[in-house]
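A short worksheet on the structure shown next.
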Amino acid sequence: MSQRPFTLIQLSDAHFLEDPEGLYRDQSPDACLAQLKPALKALKPDGLVLTGDMAEDGSRPAYERVVTHLEGLAPQVGWIPGNHDDVDEMASVFGSAGYDSGPLLHWGGWRLALLNSVVENDPAGELNQDQLSLLDCLGQDPQPTLLFVHHQPMAVQSPWIDRFPLRSPEELMNRLDPQWARAVAFGHVHQIFSVVHEGVQYLSAPATSVNSQAQMERFTVDPTGPKARWFRLMPEGRWATGVISAGMV
């Protein structure tokens, strides 16, 4: 097995629209991702995981442009939906592009669990019994694992988004053991967040579109621009993570 670290990038909350000139929170999602791409390319990622809300309006043209933007960036791409996504359109376009919805990916000697927390017509999230059964199975094998979910399993102290969390997060947390579960990575919150709970790290990917300043009552635009989270995964279970911002190459 190669000892070279596997470089993974988590992209979240692109909020593309059917109209390529459309705006999300007064900014162009296409332009935001384009601004971030040089920094992403500089990392030479081996894989990408898209953690939801890649489209604001769930339109097919939005997903098609996401694929166009990401073409050639990494040889492997996994994805989960967010509450703004149309899962059927997303699956059709991303499936045709060769993107993988898992629910388990085996990359770089690691196991990646892609958990679908979307509840139809509800901005909050929940894991259904199929997802919980998958977690029970993961606990039978100590392979180092990253878990990805759209909704935040704990409050990030920003009331505007903490109204729409992952419901019943204990259903997730109680099934995790730090001997195999290294981290739970989520999107949805449009800000940087990280905390360790019972030996497992919980951390967010900020948005590739528009982010908010942390711990705000209302969405308050972060002027530092679009961002993404990177991971470096070693086969024996060591890992590192950080955030990449537009212009930081």
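Filtering region 125-142 down to residues that are modelled with pLDDT of 95 or more and small (Gly, Ala, Ser), which residue is nearest to the chain's Cα centre (by Cα)?
GLY125
Search region 78-106 for residues being touching a helix residue (DSSP H, G or I) at 6+ places or on another chain (Cβ under 7 Å) and hydrophobic (A, V, I, L, M, F, W, C), and hand back the single one that is surrounded by the fewest Cβ atoms within 10 Å (Cβ to Cβ).
The residue in question is ALA97.
Can you give me the ranges of the strands (runs of 3 or more DSSP E) entirely in region 131-249 with at least 1 residues that are within 29 Å of HIS69 (Cβ to Cβ) and hydroxyl-bearing (Ser, Thr, Tyr)?
Answer list for region 131-249: 145-149, 194-197, 200-204, 239-245.
Given (1) within 24 Å of THR220 (Cα to Cα); (2) of a type in the set (S, T, N, Q); (3) touching a strand residue (DSSP E or B) at 6+ places or on another chain (Cβ under 6 Å), where does SER28 come up short, assuming only one miss?
(3)
For region 65-116, which residues satisfy the criterion of being at positive phi and touching a residue at least 12 places away in the same chain (Cβ under 8 Å)?
GLY98, GLY102, GLY108, GLY109
Can you pull out the residues in region 138-152 that are buried (at least 23 other Cβ atoms within 10 Å of the Cβ) and of a type outside the set (S, T, N, Q)?
LEU146, LEU147, PHE148, VAL149, HIS150, HIS151
The values are calculated or read from the model by the stated rules, or taken from the named source; none is laboratory data. These numbers were taken from a predicted model, which means no experiment stands behind them. Neighbour counts are summed over all protein chains in view; Cβ atoms, including those assigned to glycine, are modelled from backbone coordinates with ideal geometry.
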